[in-house]
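One structure is given below, encoded as C-alpha cells.
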Amino acid sequence: MKIIQQQRFFLYTLIALTIITSPAFGQRPPAQKKAAPSPRSLTGIPPDFSEGLNRIRTLATERRFSLVLLELNALSIRARDMQRQSIQSALPGVPDGYSVEAPSAGEEDSPYLVFSRSYAGPENCGFDLSISMGDPSIDEYRQMIQSPASVSLMEDTKIIEFKSGFPALEKYSSSDGTYERHIILGNNLMVVVMGHGISNRTAIDTFCDAIDLGRIQSELRQ
C-alpha cells in the first residue's frame, strides 16, 4: 500500500506541476459566482508543505528529476502524516479505562489498509478500528447490504444504519461478545469496527456514534 500511495502521490503531484508550469497558469480566471462555504472547516496547507511543492516546481523546471523524486518522497511521507493526523481528529477520544495500543508488527503493511488503531479495555474488552480503500471485499459487503433478503438468512447478521446515514453490516457472536461492523462510506472506502468482550451493546454503539464518518469520507475522497 505504501508503494501504491507513493506512486499515486507522485502522479498527482506531477500532474499538478504540469498545470502550474503551463503558460496559462496564473492568469485571472473569468469571474464566477462564489460557491457556498463548506460546512466543514478545513485546515490550511502547512508552510513547509507549500515550500516543498515550490522546490519541486523549480527542480522540475530545471529538469533535475532525481532531486524531484527525492522531494516527492519527502512530501509523500509528510502527506501521509498529515492524513493520519486528520483521520485521528475524526475518531472518538479514548474511553475511560481504555488505552491505545500500537499496531502489531506487519499490520500496517496490508496493501489496502489506510489507518488502524486498537483500544484495550478492562477484562479483555476492547475495540479494533481500521480504514481500508480499494479492498475487493468492500464491494462484497456493499452488495450484501443492497440485498437484505440474503442477509436475513445469515445467522447473527443484520444491516444497520448510523445516524450519519451510512449503512453497515453487523455480525454478532454471543459466545465471546464479539461485534463486527463493516461500515461502507463509498464504492472503495470502508471503516471496520470490531468489539470483543462486549457484554453490553451500548458500549459499541457509543464508540461508533462518536466516529465522524463524514469527515473520514471527505478526507479520503478520490
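Taken together, the values in this text are just the output of simple stated rules run on the coordinates, not laboratory data. As the structure is a computational prediction, the values presented were derived from the model and not from experiment. Every residue, glycine as well, gets a Cβ built from its backbone with ideal geometry; the counts of neighbours run over all protein chains shown.
All C-alpha to C-alpha distances of the stretch 71-140, sorted into 10 Å bins beginning at zero, yield P(r) values of 16, 41, 33, 9, 1 percent in whole numbers. Ranked by the mean number of other Cβ atoms within 10 Å of their residues, highest first, the peptides 201-210, 123-132 come out as 123-132, 201-210.
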